[in-house]
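Visitor: One structure, pasted below without further comment.
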Amino acid sequence: TDFNFLLLEFSQLGLSPRSPLSKFISQYLREFNIGDGLVIERIEGVATTVYLLQGKKKILLADLGYGYTQLLPILMKIVIIASDNGQRNTGFPTSYRPSVFLLEEPEGNLHPSYQSKIADLIIDAGERFNIQFIIETHSEYLIRKLQYHTAAGRLKPQDTAIYYFESPTSKKKKKNRVRKITIQKD
């Protein structure tokens with residue numbers, strides 16, 4: 001998704017700072033040590049400035065590392081999906097229609113510890129907002145964290161499906177270049 005379009009779509013949600021979706025964003029900004037909150041300012045309807053709150057300071061997103069700009073769109077898109085699929089009875093979503101979110105290499109430019117935290121994020125978003133994730137990754141850290149959550153009982157083995165794709169240029173002559181790997185409960 002084009003980041004400018006995503007910013008516009010996100011800012012049009014008009015989330016109050018106390019809404020559950022704003023709290024979700026703030027929770028994961030803190031989990032990833034990015035900041036305490038997010039401020040998006042539109043300038044005369046033409047430009048957008050993105051700040052991360054760190055304490056009482058507003059830090060320009062552009063002044064932070066590239067990994068932050070990779071992670072922020074994932075958080076924003078989760079909130080947009082949740083907002084679109086929330087069934088409101090009292091003004092706050094009480095349940096969410098099922099949805100699917102495709103992620104391509106969410107670990108890009110992230111420290112290995114943050115790559116494993118992505119697993120925490122997707123599990124939490126899946127549980128809270130009824131989102132199923134399809135993720136293309138090269139991150140062993142993300143996969144290992146899914147294994148950990150399965151062994152700890154947060155996930156069941158059937159909650160995760162891993163498909164390993166052999167390189168088409170591999171010297172191994174295999175009929176089936178796609179292998180399903182199942183995470184066992186132990």
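Visitor: Output the residue which, of all residues in region 150-186 that are assigned to a loop (DSSP other than H, G, I, E, B), at pLDDT 85 or above and β-branched (Val, Ile, Thr), is most open to solvent (accessible area, probe 1.4 Å).
Guide: THR182
Visitor: Turning to a different aspect of this structure: Search region 120-139 for residues that are more than 17 Å from LYS23 (Cα to Cα) and pair each with any residue that is β-branched (Val, Ile, Thr) and open to solvent by 40 Å² or more (accessible area, probe 1.4 Å) when their beta-carbon atoms are under 9 Å apart and the residues are at least 6 apart or on different chains.
Guide: Once the first residue is more than 17 Å from LYS23 (Cα to Cα) and sits in region 120-139, its partners that are β-branched (Val, Ile, Thr) and open to solvent by 40 Å² or more (accessible area, probe 1.4 Å) give ILE131/VAL100; GLN132/VAL100; PHE133/VAL100; ILE134/VAL100; THR137/ILE143.
Visitor: Return yes when TYR148 is closer than 13 Å to ASP120 by Cα and within 17 Å of the chain's Cα centre (by Cα) and no when it is not.
Guide: So TYR148 fails the test.
Visitor: In region 108-127, which residues are open to solvent by 30 Å² or more (accessible area, probe 1.4 Å) and farther than 19 Å from ILE81 by Cβ?
Guide: ASN109, HIS111, PRO112, SER113, TYR114, LYS117
The values are calculated or read from the model by the stated rules, or taken from the named source; none is laboratory data. In this text the structure is predicted, and so the values were computed from the model without any measurement. Cβ atoms come from the backbone with ideal geometry, glycine included; neighbour counts cover every protein chain shown. What goes into the accessible areas is simple: the full protein's heavy atoms, side chains included, and nothing from ligands, DNA or RNA. Shrake-Rupley method; radii C 1.70, N 1.55, O 1.52, S 1.80 Å.
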